[in-house]
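The next block holds one structure in the form of structure tokens; read it before the comments.
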Amino acid sequence: MRLSVAPENRPIVIASLFIAAILAAGTAYTLSTTGTTPLLSPNYLLQQLQTGAFLGICAAGMMMVILLGQIDLSVPWTLTAAAMTATAVGGDMAVPTALAVGLAVGLLNGFGVAYLRIPSMIFTLGVDTMLRGLMVAQTGGFAPQDTATPLMLFLAKDRILGIPVAIFVWAAVSLVIALILTRTGFGRSIYATGSREGAAYLSGIRTKWVIVGAFVTSSLCAAIAGVLLTGYSAKAYQGMGNAFLLPAIAAVVLGGTHILGGRGRYAGTLVGVILIVLLNSVLSIMQMPEAGRQIIYGAVIIGMLLVYGRNQQVTS
Amino acid sequence: MTDAIVEYRGISKFFAGIRALENVDFACKAGSIHAILGENGAGKSTLIKIMAGVLQPDTGEMLLEGRPIVFPTPTAANAAGIVCMFQELSLVPDLSVADNISISDPPRRFGLIDRRAQVARAQELLARVRCEDVDPNALVRELSLSRRQMVEIAKAIGRNPKVLILDEATSALTSRDVQTVYDLLAELKADGIASLFISHRMHEVDALCDTLSVFRNGQHIETFAKGEKSEREIVRLMIGRDVEAQFPAKPPSKPEDQRGEELLSVRNLKWENRLNGIDLSLRRGEIVGLGGLDGQGQKELLLALFGVLRDVEGEVIVGGRKGLPSSPAAAKSARTRIALVPEDRKTEGLMLGMPIADNLLAASFSKISRGPLIDPLLARQAVDEGVEKLNIKIGSAEDAVMTLSGGNQQKVVIAKWLMTDPDIILLNDPTRGIDVGTKQEIYRLMRELANEGKAILFYSSDYAELIGCCDRVSVLYGGRVVSEQQGDAITEESLVAASLNIGVEAA
């Protein structure tokens, strides 16, 4: 790591180097066992990015909220509720329904945090639980339709020019989020509000709207991820979003976004997502038992954050 | 020097290759009140941070009572009798006054904190700083800035210092509390305690200190006894060049009918029990001062006009319409065009960790956007313009704003608001903790802005500023305007009298 790297880019550089290290270690393993290098084949990488798209889209939304110094714990069941409601409605209205569910949950979260001033960790956890209750109630009495619509299947499984459509969706979401964060007043206001809400408010930034906007973005992203995941697994089911909460937060933080808000670049979140996806994949290729995988996974996250912390101390 | 309690020999300190202190020899005697003067960035803070164990010198040695000593931590310095009150208040807002005063060394009984002894100790120390009215059980958060600073002083005294360092300790104090601190320091001096006093207010230094040391660019320029040099000479030593008159010339006061258009008119403004019927009028081209003791409603008035407070009553006409703005966002809108430079630049004025550019643009996103997107070119132009107009000394606009000195930070806040092209500028003690050179730049800027037709409402805790800068001064007492003074009638005597509401009406 050279000294010329700006502090805010340092986590991105470190995480990128770590990705290279994971690929190198995995390739060394496969070379020694089977003599092949499947990890470096374009097909393998595209497949990883395709499954990474769900996490990547959740993390993109989560980043907006974390930049405010808040957190959105309702992502898993927002994702599930959007997917299940969408398939229940079915047809052409399925995807708009999913987005509407996302919008509604986002408005609720934003209202609770910005206007009722309830800490987001509590409020979004409550909303998550409520959504789970609603979904259980929905499937309890009768069996709603749960199969993915053709559009969902297309978005998640088809390929254009050999590249999975899901990757295009992820790229589009990334482009929009990156543009919002760097080039709009809303995005700059997120940084300002996350950095110091009082000063942002006294600068005439409508901080409450900013908070609501960030939560809406997060829930919309979760809903989009729900749509893709439904297409990928061909149906919506309870608990389908459970595996995404912690990796999404981890990806954002590994990408260098400050957990207390105000600092972070979207490129970092992208790198963080790829790191997590590859780490999981390589560990499973190495046939690491589940217990060992969890331990390594956690240790890597803590270890990387320690490295970031060190650097910040040196620079301050 | 034989009776030096603390002595520096050839101390240097560098930050990332930049000189903060270079080869400094310095001594401070027991039983003296020693002023450290210099512009922001002159090395004063580094000097005292080394003494307080916060920083380690890169070269040179420090002697305490003649013996070389190294303080690896602030705790070690404290144990050796060096107590420092930093510019940034170091109280914990959510703890009580008593808890804060004994925070590092609470009285214990059987290993547990003895609450009763703690409160008694707090009472005794508060009485020493003549703040008997402060309840030891009150939360620090509930106290005004001035009272907090007094609690900080009580806390420092409670540690039985040999050397007491006061870094801008009086910057937030009301004049009554300043007097208390003067008396206290005189007592400590008689007890043989050395006080190091850092202040940007020359008259305080003059009233209080017996020895003065001037620093500039990390170097110790000169140390001399009080009275050896005139104020003018001292200022020249500090900034290394001559300065013209401290305040820019005021325009002659005009008769009623020739004054500018009235931009703001306030009648009988009330809010909770802090504002009790304020009348005020603000015209184009004038600087109106708000005087009075601290906590008489000045800050609340500014916040109310800026749309921060809820449920404010009274008749207000601003921007040609009735009613106060409903939020800061509404206040800065095209109808009212109000700007506020808030009291505490570190928490209210700036996002300290963010780049200078982002701070400058924080109030003007709509101005630099084309359609929904920010135009990077317009943004860069706006930043360059702001930096140039206020002569802000920066390396790169992408550096965090906290890397700037206090004066330059305040300039960033002001530049941020000038970018919105306001009509009405509300200033809440904008020169607090700022060096002389920058203060003068701000005074000049205020007059320029007024001449451009803006209206300025200016609260200051420093009477000299009100006298030097303002066309009119309204003195507040108990949430009411008790006196309005104009032109030459604004004098220190009349302001003090009105502040205390002792009824000596100025002509």
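General observations
- Tensor-based shape of chain A (alpha-carbon gyration tensor, a/c under 1.5 rounded, otherwise prolate or oblate): oblate
- 3J(HN,Hα) from dihedral phi, the range B:329-343, Karplus parametrisation 6.51/-1.76/1.60, rounded to Hz, x for glycine, proline: 5, 5, 4, 7, 5, 4, 5, 9, 6, 10, 10, 10, 9, x, 5
- Residues of type lysines that B:Lys162 reaches as a straight line, Cα spacing below 17 Å, ignoring anything fewer than 8 places off in the same chain: B:Lys29, B:Lys49, B:Lys189
- Converting phi to 3J(HN,Hα) with the Karplus coefficients 6.51, -1.76 and 1.60 and the offset θ = phi - 60°, the range A:220-234 yields 4, 4, 4, 5, 4, 4, x, 4, 5, 5, 4, x, 5, 9, 6 Hz in sequence order, with x at every glycine or proline.
- Cα gyration tensor, the range B:161-252 - rounded (a/c under 1.5), prolate or oblate: oblate
- Loop-located trypsin sites (Lys or Arg not before Pro) in the range B:291-341, at most 15 other Cβ atoms within 10 Å (DSSP): B:Arg310, B:Arg335
- Lysines whose Cα lies under 17 Å from that of B:Lys270, excluding same-chain neighbours fewer than 8 positions away: B:Lys299, B:Lys322
- The alpha-carbon of B:Lys416 sits under 14 angstrom from the alpha-carbons of these aspartates and glutamates, leaving out residues fewer than 8 places away in its chain: B:Glu348, B:Asp358, B:Asp384, B:Glu385, B:Glu388.
- Long-range HN-HN contacts of B:Arg283 with modeled amide H, under 5 Å: B:Leu263
- Listed residues A:Val253, A:Val95, A:Val282, most fluctuating in chain A (Gaussian network, C-alpha, under 10 Å): A:Val282
- Amide H contacts for B:Leu340 (H built 1.01 Å from N in the peptide plane; partners 5 or more residues away or on another chain; cut-off under 5 Å): B:Leu426.
- Computed over all pairs of different Cα atoms, the Kirkwood value for the hydrodynamic radius of the range B:71-147 is 13.6 Å.
- Partner chain coverage, peptide B:347-355 - average Cβ within 10 angstrom: 6
- Packing-based order for A:48-61, B:156-169, using average beta carbon neighbours within 10 Å, highest first: A:48-61, B:156-169
- Peptide A:193-200 shows a mean partner chain C-beta count of 6 within 10 Å per residue C-beta.
- Amide H partners (placed H, <5 Å) of B:Val482, local residues excluded: B:Val475, B:Leu476, B:Tyr477
- For the range B:349-366, backbone phi angles converted through the Karplus equation (6.51, -1.76, 1.60; θ = phi - 60°) give residue-by-residue couplings of x, 9, 8, 4, x, 8, x, 4, 4, 5, 5, 5, 8, 4, 9, 10, 4, 5 Hz, Gly and Pro being listed as x.
- Inverse of mean 1/r across different Cα pairs in the range B:343-418, Kirkwood, Å: 12.3 Å
- Reduced Cα scattering model of the range B:4-239, Debye log10 I(q)/I(0), q = 0.09, 0.10, 0.12 Å⁻¹: -0.38, -0.47, -0.67
- Partner shielding of A:182-188 amounts to 6, given as the average count of beta-carbon atoms from other chains within 10 Å of each residue beta-carbon.
- Packing rank of B:422-430, A:224-232, where each peptide gets the mean count of other beta carbons within 10 Å, highest leading: A:224-232, B:422-430
- Euclidean distance of C-alpha centroids, the range A:286-304 and the range B:344-393, integer Å: 44 Å
- DSSP assigns beta bridges within the protein assembly as shown; of those with both partners inside it, close to 60 percent run antiparallel.
- Bins of 20 Å from zero: percent of alpha-carbon pairs in the protein assembly as shown: 14, 39, 33, 13, 1
- Alpha carbon centroid spacing (whole Å) that separates the range B:22-74 from the range A:49-107: 57 Å
Values quoted throughout were computed directly from the atomic coordinates according to the rules given, and no laboratory measurement underlies them. This structure is a prediction, so every number in the text was calculated from the model and none was measured. In this analysis, Cβ positions are derived from the backbone assuming ideal geometry, glycine residues included, and neighbour counts consider all displayed protein chains.
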